[in-house]
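Derivation of every value follows stated rules applied to the coordinates shown; laboratory data play no part. Predicted, not measured: the structure shown is a model, and the values here were computed from it. Note that we place each Cβ from the backbone using ideal geometry, even for glycine, and neighbour counts take in every protein chain shown.
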Amino acid sequence: MPIEVSRLARRPDLLVESISIHGSTVFMNQVSEILLRVTTDHNLVREWELVLLAQGLSPSVRPNAGGVVLSVPEAEADRARAALLAYDNENAVKGADRHEPASSASLLAGGMVSGIFILVMFCVTTVWFPTVSWFERGGADADRILHGELWRTMTALTLHADFGHAVSNAVAAAIFLGMVGSLLGLGLGCALVLLAGAGGNLANAFLHGSPHVAVGASTAVFGAVGVIGGLSMAKHRRSASSRRRAWLSFAAALALLAMLGTGGARVDVWAHLCGLLVGGVLGIAAAYIAPRPPGLRVQWACGSVAVGVLIYSWTLALR
């Protein structure tokens, strides 16, 4: 006698099985199903379903009034919950590590602010007020820095020897500071890049000692490159599936340094390297302290502090 088993109906909590004998349907037993989750995201429920299928379970997905329902037979409920919990934990780590752009506006604003600021400062120091001894008072003179004039590590970032120097750094800053701003927010991004540039100048002063004088925003530019590399490196280190690739991000930053930061007789390679390394450390720290861009108040506070410190540094330099 031929027997055909088919599933005729599915309710959120019940699976009805039947047997067809010679075209007559006889209802047999009822197999209880446990409702696990409800969501309106069809892509997410398909991911859950694949997770359970990979564990050899029998998930059921169907629509209802609240969205889409995921359920399993009662005997599989505990294993299904454990599998979904493990999936949630893994994706929580990935979500915390994922530095998605704060907004395209942050990218654009960061690029415009940094590029315009560098060009305006060039006009102030070389065109509009050339009689002021800007370079003597604000240059990163290693000997004076080591003797306590730490403000020079900041002020030197705003000085450029000629128009070509200023334009090249303005373009580079617009690109890389914009990228940092899109990852961390404009205020926090500006503060970290400025700190990386100042830290790079300080480290460079220790390396060179006296006599050595440097100017230019390129140390901060490579600080921004380091921040980006540090953020990416921390992301891979915190994700078990990509720890082996953790150093590739920083290796890429070093390669960028080799391509952009070592050419020309007047290029201060050590300053660029120091800025890159300090930026990398700050990027790693930021990845753990602020896994997502902070809110508007924090951004304003960080940006205000960065601008205030820079103004105060020039106040000390020109007194």
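Tally Lys/Arg at +1 and Asp/Glu at -1 over every other residue whose Cβ is under 13 Å from the Cβ of Asp41; what's the total?
0
Gain in length, Val61 to Val132, computed as 0.36 nm per residue apart minus the alpha-carbon separation, to one decimal in nm?
The Val61-Val132 span can extend by a further 18.1 nm.
Report the residues of the stretch 287-319 in range of a label on Asp143: point 7 Å along Cα→C-beta, backbone N strictly under 20 Å from it.
Taking a point 7 Å out along Cα→Cβ of Asp143, the residues of the stretch 287-319 whose backbone N falls under 20 Å are 317-318.
Tell me, in nm to one decimal, what length is gained between Leu119 and Ile289 on full extension, where the rule is 0.36 nm per residue of separation less the Cα-Cα distance?
57.9 nm is the gain from fully extending Leu119 to Ile289.
What's the ranking of 298-309, 201-212 by average number of surrounding C-beta atoms within 10 Å, highest first?
201-212, 298-309
Which order results if Glu47, Glu76 are arranged by neighbouring Cβ count within 10 Å, fewest first?
The fewest-first ordering by Cβ neighbours comes to Glu47, Glu76.
Rounded to the nearest 0.05, what FRET efficiency do Thr315 and Ala161 have when you use their Cβ-Cβ distance and R0 = 22 Å?
After rounding to 0.05, the efficiency reads 0.40.
Could you list Leu195, Leu150 so that the one with the fewest beta carbons within 10 Å of its beta carbon is first and the one with the most is last?
Ascending Cβ contact count within 10 Å gives the list Leu150, Leu195.
How far apart, in nm, are the 7 Å Cα→Cβ label points at Ser210 and Leu35?
Placing both labels 7 Å along Cα→Cβ, they lie 7.9 nm apart.
Using Cβ counts within 10 Å as a stand-in for footprinting exposure, how do Ile284, Ile116, Ile145 rank, fewest first?
Least crowded to most crowded, the residues run Ile116, Ile284, Ile145.
Subtracting the Cα-Cα distance from 0.36 nm times the residue separation, let me have the gained length for Val298 to Arg81 in nm, one decimal.
74.3 nm
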